[in-house]
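Below: the structure, in structure tokens.
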Amino acid sequence: SSNPKNLGLIYKSLQNTIAWVENKSIATLASDTEAAPPERFWVVITPLKDTAGQAKALVDMRVSLKDIDVLTRKTLSQSLIILSITVFFVLLLLINHFRFFEYAVLFRRLKEVDQMKDDFISIASHELKTPMAAIKGYLSMILEGVVGKIEPKTKEHIEKAFANVKRLDVLVNELLDVSRLEQGRTQFDMQPVDAATVISQVIDELRVKAEEKKLKITYQPLPEPRPKIFVDSDHLAQILDNLIGNAIKYTFKGGIQIFHQVDQENLKIIIKDTGIGMSPEDRQHLFEKFYRIKNEKTMDIPGTGLGLWITRELVRRMNGKIYVDSMENVGSQFTIVFPIIKEKE
């Protein structure tokens, strides 16, 4: 012993006896329960041998496990914290997964309902088309006097009915256009087109409406030779009819100007009016389906809110762009941009 007071003392234990008799080292795990906290340690007994290999003495050592136990408890505590956090995130991911799954199911159902709505609109519009044409035809015949002379009061009522049938016919046609565009069934016959020719035809068709409101339409075509654009001429006419027609509807005095700007890449068709204009908030929603500007100036103006949505979709599908700039009580300016066809050198 390293303590002089222990010299000469005789210490007996089972472990010492086993180590001495078997002439080999042994180790046992023990703990000091009186310590706070209890401390574990290894009791290692090793015989000291002479050159002949015979045991002459025993060395009894205690190796403390205090540091290892502290590190183990710390590691276990940290592992439990990490495990708890991991379980929390796994549960969160599972909850989100089920939520996303519900959203996916809901989205699929909404798509199915939306498709059913589109199918209904398409079928209803087609079914309305034939009787609408028949009603228009009969009313037109009555107004033209084909079936005989009618009283002025009766004629007035029939004219109102005919005007409403025409409005309903516009709605049916626009619903059909929306259905075809959404289902990708709209046909495009893309050809090189001189925009000035189409614009002039549309202006000629709308000039009477403008003159009824004492509005002046002016058009400044580009000088020849004019650049051509690659579009469907019928759809271009539909776009221009919507935009110029709207300019006439929402302009009460002044007029509408149509002119061009051209650069090396694009041709711009600009339609500028002196109408009621619109607010920045209205401009943000202008091309949405069924959106209409609602105020005192527009409440008596008929419309479906579909024309500008159809216009934008047709422009996009012919590789064009459309912009609008407007100021309330000043007017609006719509700009359509199409790539020009470059001549081969």
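Beta carbons closer than 7 Å, at least 6 apart along the sequence or on distinct chains, pair a first residue in segment 240-255 that is under 9 Å from Ala210 (Cα atoms) with a second that is surrounded by fewer than 19 Cβ atoms within 10 Å (Cβ to Cβ) and basic (Lys, Arg) for Ile248/Lys209; Ile248/Lys213; Gly255/Lys216. Looking at Gln264, Gln201, just one residue is in the same structural domain as Ile276 (by TED's automatic domain parsing) and outside any helix (DSSP H, G or I), and that residue is Gln264. When you look at Phe88, is it part of a helix (DSSP H, G or I), out of contact with any Lys or Arg (no Cβ under 6 Å at 6 or more places or on another chain) and at pLDDT 90 or above, yes or no? For Phe88, the condition - part of a helix (DSSP H, G or I), out of contact with any Lys or Arg (no Cβ under 6 Å at 6 or more places or on another chain) and at pLDDT 90 or above - is met. Consider segment 260-303 and keep the residues that are of a type in the set (A, V, I, L, M, F, W, C), within 30 Å of Pro223 (Cβ to Cβ) and touching a Leu at 6+ places or on another chain (Cβ under 9 Å). The one that is modelled with the lowest pLDDT is Val262.
Residues are listed down the side, and each one gets a yes or a no for (1) surrounded by fewer than 21 Cβ atoms within 10 Å (Cβ to Cβ); (2) without any contact (Cβ under 8 Å) to a residue 60 or more places away in the chain; (3) within 24 Å of Leu171 (Cα to Cα):
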| site | (1), (2), (3) |
| --- | --- |
| Asp282 | yes, yes, yes |
| His285 | yes, yes, yes |
| Gly331 | no, no, no |
| Val337 | yes, no, no |
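Any residue at all in segment 22-33 that is free of Cβ contacts under 8 Å to residues at least 60 places away in the same chain, in contact with a Phe, Trp or Tyr (Cβ under 7 Å, 6 or more places away or on another chain), loosely packed, with under 12 Cβ neighbours inside 10 Å and not polar (S, T, N, Q)? Yes, there is a match, as at least one residue in segment 22-33 is free of Cβ contacts under 8 Å to residues at least 60 places away in the same chain, in contact with a Phe, Trp or Tyr (Cβ under 7 Å, 6 or more places away or on another chain), loosely packed, with under 12 Cβ neighbours inside 10 Å and not polar (S, T, N, Q). For first residues located in segment 311-323 and at negative phi, partners that are in a loop (DSSP other than H, G, I, E, B) and buried (at least 21 other Cβ atoms within 10 Å of the Cβ) and lie 6+ apart or on another chain with Cβ distances below 7 Å do not occur. Exactly one residue out of Leu143, Leu110, Leu175 is of a type outside the set (D, E, K, R) and in contact with a Ser or Thr (Cβ under 9 Å, 6 or more places away or on another chain), and it is Leu175.
Within segment 226-260, the set of residues being in contact with a strand residue (DSSP E or B) (Cβ under 7 Å, 6 or more places away or on another chain) and basic (Lys, Arg) comprises just one member, Lys228.
Matching residues to (1) surrounded by fewer than 10 Cβ atoms within 10 Å (Cβ to Cβ); (2) at pLDDT 85 or above; (3) in a strand (DSSP E or B); (4) not assigned by TED's automatic domain parsing to the domain that holds Ala35:
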{"position": "Asp60", "(1), (2), (3), (4)": "no, no, yes, no"}
{"position": "Thr75", "(1), (2), (3), (4)": "no, yes, no, yes"}
{"position": "Leu80", "(1), (2), (3), (4)": "no, yes, no, yes"}
{"position": "Leu92", "(1), (2), (3), (4)": "no, yes, no, yes"}
{"position": "Ser122", "(1), (2), (3), (4)": "no, no, no, yes"}
{"position": "Thr130", "(1), (2), (3), (4)": "yes, no, no, yes"}
{"position": "Ala133", "(1), (2), (3), (4)": "no, no, no, yes"}
{"position": "Met141", "(1), (2), (3), (4)": "no, yes, no, yes"}
{"position": "Lys155", "(1), (2), (3), (4)": "no, yes, no, yes"}
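Taking segment 6-42, which residues are within 22 Å of Arg73 (Cα to Cα) and at pLDDT 80 or above? Hits for segment 6-42 are Thr28, Leu29, Ala30, Ser31, Glu39, Arg40, Phe41, Trp42. Screening Ile258, Ile248, Ile244 for residues that are assigned to a strand (DSSP E or B) and closer than 24 Å to Met278 by Cα leaves exactly one candidate, Ile258.
Residue check: is Val208 β-branched (Val, Ile, Thr), at pLDDT below 90 and either outside the structural domain of Asn242 (by TED's automatic domain parsing) or not in a loop (DSSP other than H, G, I, E, B) (or both)? When the stated conditions are applied, Val208 does not pass them. Apart from one condition, Thr186 fits all of (1) in a loop (DSSP other than H, G, I, E, B); (2) closer than 17 Å to Val262 by Cβ; (3) touching a helix residue (DSSP H, G or I) at 6+ places or on another chain (Cβ under 6 Å); the exception is (2).
Tallying residues that are under 38 Å from the mean Cα position of the chain (by Cα) and among the aromatic types (Phe, Trp, Tyr) within segment 185-229 yields 1.
The values are calculated or read from the model by the stated rules, or taken from the named source; none is laboratory data. What you are looking at is a predicted structure, and each value in this text was computed from that prediction instead of being measured. Neighbour counts are summed over all protein chains in view; Cβ atoms, including those assigned to glycine, are modelled from backbone coordinates with ideal geometry.
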